[in-house]
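What follows is one structure encoded as structure tokens, with my remarks underneath.
The values are calculated or read from the model by the stated rules, or taken from the named source; none is laboratory data. Note that the coordinates shown come from a computational prediction; the quantities given were computed from them, not determined experimentally. When we count neighbours, we look across all protein chains shown, and the Cβ atoms used for this are built from the backbone with ideal geometry, even at glycine. SASA here: full protein model, heavy atoms, side chains in, ligands and nucleic acids out. Shrake-Rupley method; radii C 1.70, N 1.55, O 1.52, S 1.80 Å.
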Amino acid sequence: MKILKERILKDGKCYPGGILKVDKFINHQMDPNLMKDIAVEFIRRFASSNVNKILTIEASGIAPAIMMGFLLNLPVVFAKKKKPNTMENMLSTTVSSFTKQRQYNVIISYLTPNDKVLFIDDFLAYGNAAKGIIELIEQSGAELVGMGFIIEKAFQDGGRYLRNKGIHVESLAIIESLDNCEIKLREE
């Protein structure tokens, strides 16, 4: 996705340890037009999946997931990192955060065995959030039809793990390397 790659190179910032900061346009301040373009591209890439529910994890996956839900007229569920007192019929698992260096209890409701779920998130690094989401989907009896990521860090192997499990994974921009804080994108 050319426009996304251009924004990553223009506005993304690299930090030591394999961290790419895109908070100027994706996960703090958001560019709504870019989010729409991202949603449209995910819709194109998952067109044959028969999805009936979109799932994400708070907080940075919510914007692209909501945009997709709006365009497809589908419900969007986001996994929460804190249990509200009012939540019922919840499923729970533990996820490690690469960026925050901590573990979260991740909680969802509103998934049923009749759901065909598409998971959308901002980053795929080691795949920790994705692994937790897979566990929650399995607990619910729903079917995972695919996982879409705005940015994948190929050098952190989460994508390889998910693809080796036979999951349909689509990443709109793939970072080959952040060595020496230089952003190297995969050419398609």
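A quick yes/no check of all residues on (1) farther than 15 Å from residue 128 by Cα; (2) part of a helix (DSSP H, G or I); (3) open to solvent by less than 60 Å² (accessible area, probe 1.4 Å); (4) at pLDDT below 95:
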residue: 145; (1), (2), (3), (4): yes, no, yes, no
residue: 149; (1), (2), (3), (4): no, no, yes, no
residue: 163; (1), (2), (3), (4): no, yes, no, no
residue: 175; (1), (2), (3), (4): yes, no, yes, yes
residue: 180; (1), (2), (3), (4): yes, yes, no, yes
residue: 188; (1), (2), (3), (4): yes, no, no, yes
Within segment 148-188, residues being without any contact (Cβ under 8 Å) to a residue 40 or more places away in the chain, closer than 20 Å to residue 10 by Cβ and polar (S, T, N, Q) number 2
Among residues of segment 110-143 being among the aliphatic types (A, V, I, L, M) and open to solvent by 10 Å² or more (accessible area, probe 1.4 Å), the residue nearest to residue 21 (Cα to Cα) is 125
